[in-house]
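Working notes, beginning with the structure itself.
The values are calculated or read from the model by the stated rules, or taken from the named source; none is laboratory data. Everything numeric here is computed off the predicted structure, so don't read it as measured data. So basically every Cβ, Gly included, is an ideal-geometry build from the backbone, and we count neighbours across all protein chains shown. Ligands, DNA and RNA are excluded from the accessible area calculation, which covers all protein heavy atoms including side chains. Shrake-Rupley method; radii C 1.70, N 1.55, O 1.52, S 1.80 Å.
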Amino acid sequence: MTSSRRAALKTILAGAAIAPQLTHAAEPKWGRGIEGQRRADLGNGTYLNPILSGDHPDPTILKDGDDYYMTFSSFLSYPGVILWHSRDLVNWAPIGPALTKPIGSVWAMDLVKHNGRYFIYIPATPDGKGTIFVIWADNIRGPWSDPIDLHIEAIDPGHAVGEDGKRYLFVNGVRRIGLTDDGLATVGTLEKVYEPWRYPSDWVVEMFAPEGPKLLRRNGWYYLVLAVGGTSGPPTSHMVIAARSRSIHGPWENCPQNPLVRTRSADERWWSRGHATLVEGPAGDWWMVYHGYENGYRTLGRQTLLEPIEWTADGWFKPKGGDLSSPLPMPKKGTAVQPGFAKSDDFTKNKFGVQWCFFNPGQDEMKRVRFEQGAVSIAGKGTSPADCSPLACIVGDHVYEATVTLEIGGAGHGGLLLHYNEHMFVGVGFSATHMLTYQYAREQSWMREAVKASTVHIRVRNDRHIVTFFYALDDGKWIQHPWQMETSGMHHNVFGGFLSLQPAVYSAGEGAVHMRDFQYRALA
Ligand code: 6LW
């Protein structure tokens with residue numbers, strides 16, 4: 001297509017009128033950032049959770065002088081372990097990925113600084129079997145080392161330095177293992193160090209699952225903050241509990257106020273709140289970051305929440321944010337970085353590992369990618385969206401549209417999806433001769449339609465789980481796809497894996513798909 005034809009089409013497409021939105025009960029008023037994306041900072045001295053909307057679970061946070069860094073479980077998305085930066089705990093900007101080499105599904109990590117060097121302890125599942133890796137860097141912006149397998153069969157590492165100056169990793173259970181001084185190998189074996197506080201056995205939770213141990217040394221105490229109750233299942237599952245000890249070797253004393261955080265009712269805005277880390281704010285006050293599912297939006301994954309805490313005279317702490325459904329005062333003395341980023345992409349800049357991640361890629365997946373002028377070409381792989389490692393991005397809005405222009409080259413096919421995993425996605429694809437419709441992770445061949453177009457434009461609108469696809473062929477005239485879908489059940493409680501529903505582009509079969517003009521806009 002010539003560039004003048006492309007410009008003309010872009011104008012037609014941008015102005016295209018499409019079906020009106022559904023109406024819904026009133027929701028809280030979030031701030032709106034770039035492309036209308038949800039923004040926590042309300043601009044009036046308060047913020048409204050989540051601080052990072054969309055799939056940002058198991059936050060691990062590091063205060064490094066006036067800077068804060070955070071990363072989140074990235075599961076099977078690569079490049080993975082995306083680091084974010086903030087100077088006020090509320091506004092966060094992405095830095096980029098710390099892990100490019102696939103090592104399986106990445107779960108709750110610990111980001112630490114020790115003797116001037118940065119470390120990320122990463123539980124992952126290479127070959128389906130769990131172990132803990134470490135990567136390190138002298139500059140948090142990289143380069144990061146290759147992952148080193150510590151051969152620890154456990155999840156959820158939490159790093160601590162004992163009063164003896166020795167390094168330890170606490171893991172789920174709660175168990176502990178020693179580390180060498182350089183932090184890159186283990187000393188001894190896993191040993192059980194703490195039997196956590198138990199909630200009454202008739203509470204409605206998923207399972208006991210003591211995990212996510214995070215350690216803090218303050219005023220002569222070691223605090224051990226952890227999650228119990230299970231991250232998913234019923235909305236009242238997850239909780240934050242704490243224990244403390246004068247020594248890294250115990251004995252650990254349970255916090256008399258356990259559980260410190262828990263969703264009490266399914267009427268609350270945030271479900272399954274838990275997995276917390278304590279962090280000092282810019283003004284020397286204290287906060288907790290943790291995650292939760294948003295009521296009615298499990299499809300968005302677990303989102304990052306920030307809650308103020310207060311240290312009490314008895315040396316314990318208590319949360320002060322209630323159920324987090326209302327705006328809270330911003331942390332004092334911080335400065336805001338430009339939060340988030342534009343998800344619209346003209347492919348003049350490489351946004352792999354900030355926005356775009358392959359789902360469950362092979363070791364050489366980036367070899368499929370070729371940047372061209374204002375486009376990216378993705379070589380085909382596999383035979384369908386289920387086995388071709390679609391290119392996906394995390395979103396955090398209740399209503400949004402994503403639009404892309406594709407040129408389908410060769411005998412392959414490509415399209416736009418809402419993708420959870422290989423067992424669940426919906427979408428519309430095109431080959432050189434046909435339009436393909438995917439529902440229930442399968443092509444519905446009875447819907448296959450003959451079309452002939454060198455260029456296709458596809459738009460997906462997700463309006464609070466009501467999903468509508470639109471497409472336009474060479475003349476740029478939008479047509480609403482005849483099948484509207486409902487996707488509220490596409491989440492972890494049904495399909496496992498702790499993932500989220502993400503807009504994704506796929507390229508399958510022989511040939512390549514040229515992708516250009518990706519546009520995102522949040523509508524609510
Ligand atoms: C995470 C663990 C958990 O490592 O989910 O249910 C795992 N709890 O803490 C993946 O996010």
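Would you mind pulling out the separation of the Cα centroids of segment 71-109 and segment 466-484, in Å?
When both Cα centres are located, 34 Å separates them.
Could you compute the net charge surrounding Ala441? Neighbours are other residues with a C-beta less than 14 Å from the C-beta of Ala441; K and R count +1, D and E count -1.
-2
Provide the packing ranking of 155-162, 31-38, i.e. peptides ordered by the mean count of other C-beta atoms within 10 Å per residue, highest first.
155-162, 31-38
Could you give the dipole magnitude of the chain about its Cα centre, charging the beta-carbon of Lys and Arg +1 and that of Asp and Glu -1, in debye to the nearest 20?
With Lys and Arg at +1 and Asp and Glu at -1, about 720 debye.
Output wanted: per-residue J couplings in Hz (rounded whole) for segment 265-281, from phi through Karplus 6.51 cos²θ - 1.76 cosθ + 1.60, θ = phi - 60°, x for Gly and Pro.
The phi angles translate into 8, 5, 7, 5, 5, 10, 9, 6, 7, x, 6, 9, 10, 8, 8, 7, x Hz.
Between segment 413-441 and segment 135-214, how many Å separate their Cα centres?
Cα centres, segment 413-441 to segment 135-214: 40 Å.
Can you tell me, using C-alpha contacts under 8 Å and at least 6 residues apart, the relative contact order of the chain as a whole percent?
15 percent
Mind ordering 137-146, 405-414, 272-281, 41-50 by average Cβ neighbours within 10 Å, highest first? Let's see the in-between values first.
Details: 137-146: 14.4, 405-414: 21.7, 272-281: 24.4, 41-50: 17.4.
Per-residue mean Cβ counts within 10 Å order the peptides as 272-281, 405-414, 41-50, 137-146.
Peptides 372-380, 425-433: what's the order by average Cβ count within 10 Å, highest mean first?
Per-residue mean Cβ counts within 10 Å order the peptides as 425-433, 372-380.
Can you tell which of Tyr121, Tyr223, Leu89 lies farthest toward the positive end of the dipole of segment 33-329, using +1 and -1 charges on the Cβ of basic and acidic side chains (Lys, Arg; Asp, Glu)?
Tyr223
How large is Rg/Rh for the chain, to two decimals, with Cα atoms and a Kirkwood Rh?
0.98
For Val261, what residues show an amide H to amide H distance below 5 Å, using hydrogens built from the backbone and excluding near sequence neighbours?
When sequence neighbours closer than 5 places are left aside, the close amide H contacts are Val240.
Explain nothing, just the number: relative contact order of segment 33-329, from Cα pairs under 8 Å at least 6 residues apart, as a whole percent. Please list the in-between numbers first.
Working: 790 pairs, mean separation 44.5, N = 297.
Relative contact order here is 15 percent.
What 222 nm value per residue comes from the helices of the chain, counting each DSSP H run with n ≥ 4 as -39,500 (n - 2.57) and dividing by all residues, nearest 500 deg cm²/dmol?
The helix contribution divided over the chain gives -1000 deg cm²/dmol.
Carbon-plus-sulfur fraction of the accessible area of the chain, 1.4 Å probe, in percent?
Ligands and nucleic acids excluded, carbon and sulfur reach 51 percent.
Count charges around Leu179 for me, please; just the other residues with Cβ under 11 Å from its Cβ, Lys/Arg as +1, Asp/Glu as -1.
Every neighbour counted, the sum reads +1.
I want to verify the translational diffusion coefficient of segment 383-485 in µm²/s; compute it with Stokes-Einstein, Rh as the Kirkwood radius over Cα pairs, at 4 °C and 1.567 mPa s.
94 µm²/s
Output ³J(HN,Hα) for segment 348-359: one whole-Hz value per residue in order, computed from phi by the Karplus curve 6.51 cos²θ - 1.76 cosθ + 1.60 with θ = phi - 60°, and x for Gly and Pro.
Once θ is set to phi - 60°, the couplings for segment 348-359 become 8, 10, 7, 10, 5, x, 10, 9, 8, 9, 6, 8 Hz.
At what distance in angstrom do the alpha carbon centres of segment 270-333 and segment 26-49 lie from each other?
17 Å
Around Asp88, which amide H atoms from residues at least 5 apart in sequence, or from another chain, sit under 5 Å from its own amide H, with H modelled in the peptide plane?
Distant-sequence amide H within range of Asp88: Thr335, Val337.
Under a 1.4 Å probe, what is the accessible area of segment 33-329 per residue, stated in Å²?
34 Å²
In whole Hz, what ³J(HN,Hα) sequence does segment 90-97 give by Karplus (6.51, -1.76, 1.60; θ = phi - 60°), x for Gly and Pro?
Residue by residue, segment 90-97 yields 10, 9, 10, 10, x, 9, x, x Hz.
Quick check: the angle from helix 3-14's long axis to the longest principal axis of the chain, C-alpha only, nearest 10 degrees?
70 degrees
For segment 33-329, build the convex hull from the C-alpha positions and give me its volume per residue in Å³.
Dividing the Cα hull volume of segment 33-329 by its residue count gives 133 Å³.
Once you place label points 7 Å from the Cα toward the Cβ at Glu449 and Ala137, how far apart are they in nm?
Those two pseudo-labels are separated by 4.6 nm.
Run down the aspartates and glutamates and flag those whose C-alpha is under 12 Å from the C-alpha of Lys349, throwing out any fewer than 8 positions away in its chain.
Glu372
Just list whichever of Lys29/Lys101; Lys113/Lys351; Lys113/Lys367; Lys192/Lys320; Lys166/Lys332; Lys320/Lys343 have alpha carbons separated by over 29 Å in the model shown.
Pairs exceeding 29 Å: Lys29/Lys101; Lys113/Lys367; Lys192/Lys320; Lys166/Lys332; Lys320/Lys343.
Size of the dipole of segment 33-329 about the Cα centre, Lys and Arg at +1 and Asp and Glu at -1 on the beta carbon, nothing else charged, in debye to 20? Numbers along the way, then the final one.
Values: 28 positive and 34 negative charges, 38 e Å.
My answer is approximately 180 debye.
Under 5 Å between amide H atoms, partner at least 5 residues away or on a different chain: which partners does Val428 have, H built in plane at 1.01 Å?
Amide H neighbours of Val428: Leu416, Tyr438.
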